[in-house]
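The values are calculated or read from the model by the stated rules, or taken from the named source; none is laboratory data. It should be emphasised that the depicted structure is a prediction, and the values quoted were computed from it without experimental measurement. Don't worry about glycine lacking a Cβ; one is built from the backbone with ideal geometry, like all the others, and counts go over all protein chains shown.
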Amino acid sequence: MHTVERSHDRKLRAIVVFFAFLLTLLSMSSLPAASADDVGTDEYEFVFSGNVQFDREPLENVRLTVEGNGYEAEVETDAEGRWRVGVPEKDTYTITLDEDTLPEGVIVVEGQASVDAEFGLTSTKAVNFFLGEGVRETTSYLDTVIDRVFNGLNFGLLLALASIGLSLIFGTTGLSNFAHAEMVTFGALMAFTFGVVLAVPLWLALPVAVVATAAFGYFNDALLWKPLRRRGVGLIPMMIVSIGLSLAVRYLYQVFYGGSTSQLPGVGMAEMQFGPVSLSWVDIGSMIGSTLILLGVAYFLLRTRIGKATRAVSDNPGLASASGIDVDRVIRIVWTLGGALAGLSGILWAYFRPGVSWDMGFQILLLIFAAVVLGGLGTAFGALVGSVIVGLLVELSTLFLPSDMKYVGALGVMILILLFRPQGILGRRERIG
């Protein structure tokens, strides 16, 4: 018996590690490639460039960040002080020079470390910074860590909303739904449609978007997944169907909404300083709202009859059905709840990025799966714990990793943890025999 269990554990561990390694490779392939002085110029038509010098001497390895319209890229100057960054749209971008990467005694002229740049009639734009001698005022390492912790909690909580929905669906149906990312995107697109295109007041547009995404989840199950379950289609073919559905829906979004990034109302709201932490009202509302919703989900699962039935179906669908529980009804409720949570997560993700785009859900799909696997497959509370850990790792990893590698760092830590606990943090060991 013990030999069989150990053999099963080894097989489970190998499968989980392989899956996590595959996710890491996929995430690395989706990240923008960077060289010392040239980022995105082969991929995009519009290019910012510059030459960082002090006293007519080029400065090497000075880091600059280009942000705007949901796009972000980092670049470092080469030996001649030159840098170039390609961007997807001809629009206004914020270009920031990291003063910490300047030589000692060299500073940027006050108020000029971050500039807004836009293209003229051409597809190229030169951006330069004025440097001088002086002493830099820097943020302490501890203050930076505290600020990243709050950002990580904010990101982890919005990630938990999507992860819990995915985990509940997996727990009740066994399906690894790769199209869950498109429900995340759908929520943000509906918020943009009602709040911007139709100019519905924001206090009404956001709840309507969440309800619309819940309906999207309901009809997902009613029109596709329930018929497939009744036909006895296996989990592997259903997972492949979810991948195809994800691709089809994602590119339908691009057809109807275009490839550009749009903003929801309220983006760019002034930040408030709480000691070393900078938060806007959107950030505060996101964290408080996410926490309240997650507490509501916990109450639903632990205290209500439907919640207890959901846990019973997740533990053993056959036994739950024999006990008189309507399994199909429970699954339909789970899909509806999962859609609502994914929609809300998409709205908060649109404010966190910031921006709404056709593939925004896919950008965090790997992190959603990482949170679910890390916390324990099929456990809602495990998904919550895993999401918070992933969110913190993503933000804190930027203290020692380039920002375009922060997602890979979180997935790498997940692999290390699963090597020692393959069932996840709150998952249960499975037994056979």
| query | Does G382 satisfy the criteria of being in contact (Cβ under 8 Å) with a residue 12 or more places away in the chain, part of a helix (DSSP H, G or I), in contact with a Gly (Cβ under 7 Å, 6 or more places away or on another chain) and within 23 Å of G338 (Cβ to Cβ)? | reply | yes
| query | Failed condition for T173, given (1) in contact with a Lys or Arg (Cβ under 9 Å, 6 or more places away or on another chain); (2) farther than 30 Å from S321 by Cβ; (3) modelled with pLDDT under 95; (4) of a type outside the set (F, W, Y), with all others met? | reply | (2)
| task | Please determine, by comparing only the residues of region 227-270 that are in contact (Cβ under 8 Å) with a residue 12 or more places away in the chain and charged (D, E, K, R), which one is nearest to R329 (Cα to Cα). | result | R229
| I425 is checked against (1) assigned to a helix (DSSP H, G or I); (2) not assigned by TED's automatic domain parsing to the domain that holds T193 and fails just one. What number does that condition carry? | (1)
| said: Residues that are surrounded by 18 or more Cβ atoms within 10 Å (Cβ to Cβ), β-branched (V, I, T), in contact (Cβ under 8 Å) with a residue 12 or more places away in the chain and within 28 Å of A199 (Cβ to Cβ): does region 310-317 have at least one? | reply: no
| query | Taking the stated definitions as given, is G307 touching a Leu at 6+ places or on another chain (Cβ under 6 Å), over 23 Å from G187 (Cβ atoms) and surrounded by 18 or more Cβ atoms within 10 Å (Cβ to Cβ)? | reply | no
| field | Within region 106-131, tally of residues that are closer than 28 Å to E45 by Cβ and either in contact (Cβ under 8 Å) with a residue 24 or more places away in the chain or not assigned by TED's automatic domain parsing to the domain that holds T65 (or both) | value | 11
